[in-house]
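Just below is one structure, and these are the notes that go with it.
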Amino acid sequence: VFLGISIFGIDLHKVSLGSLIIALGLLVDDAIIIVEMMANKLEQGWNRDDAAKYAYGTTAFPMLTGTLVTAAGFIPVSLGAGSASEFTSSIFFVVLMALVISWLVAALVAPLLGHKLLVVKKKSHDLYTTKFYNAFRQGIRWSLGHRVRVIALTVGCFAAALLVSPLVKT
């Protein structure tokens, strides 16, 4: 990222360094998603090659889309008019560079490292037959079978929140 900042002539100041801090919270997300997907498939008994291919194939494009949408959220700040835009214009470019580089590392390097480094013992049971998942599945099925009740309950909760909101002290 610092090489990209240097190439594009972005000055290092509080705003551009702050952009790195903003991106820092998002940098590891993509790699964690890939590694977690691989570990999950390895626990289900998949071999390393198939787990790495599956993790990349199912997550690379959605992660790239999320990365670009996140970076696009900073476009209005960069295109703002006025003297402040001199400093804030770097936010979008620094966040974009950091997130795209993070995605490249996650999509290309994380599967390779996961292939070599992950040590996962096969679990003797299916991950999705635990009590939690069964209860969660039943709740989802009930909610889908009783859509009108769920929507009415949601609207009722929202109305109740609106009614009691004046009681909240600010």
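Among G114, G57, G82, the largest mean-square fluctuation in a Gaussian network model of the chain, built with springs joining Cα atoms closer than 10 Å, belongs to G82. In the complete set of protein chains, residue-level accessible area for L104 is approximately 80 Å², probe 1.4 angstrom. A Förster radius of 22 Å, combined with the Cβ-Cβ distance separating H13 from L104, puts the computed FRET efficiency at roughly 0.25. Only helices enter the 222 nm calculation for the chain: every DSSP H run of n ≥ 4 contributes -39,500 (n - 2.57), and dividing by all residues gives -23500 deg cm²/dmol, rounded to 500.
Cross-link partners of K121 among lysines, defined as those whose alpha carbon lies under 30 angstrom from its own and excluding same-chain residues fewer than eight positions apart: K41, K53, K131. If you build a Gaussian network model of the chain, linking Cα atoms that sit under 10 Å apart, which residue out of H115, H13, H146 swings the most? Judging by the Gaussian network model, the answer is H146.
Placing pseudo-labels 7 Å out from each Cα toward the beta carbon at E43 and T154 gives an inter-label distance of 2.9 nm.
Helices that extend 18 Å or more along their long axis by alpha-carbon positions and average at least 0.0 on the Kyte-Doolittle scale are, among the DSSP H runs of the chain, 14-27, 29-43, 48-72, 85-104, 147-164.
The values are calculated or read from the model by the stated rules, or taken from the named source; none is laboratory data. Quick caveat: nothing in here was measured; it's all calculated off a predicted structure. Here Cβ is always computed from backbone atoms with ideal geometry, including for glycine, and neighbour counts include all displayed protein chains. Surface areas here come from the heavy atoms of the whole protein model, side chains and all, with no ligands, DNA or RNA. Shrake-Rupley method; radii C 1.70, N 1.55, O 1.52, S 1.80 Å.
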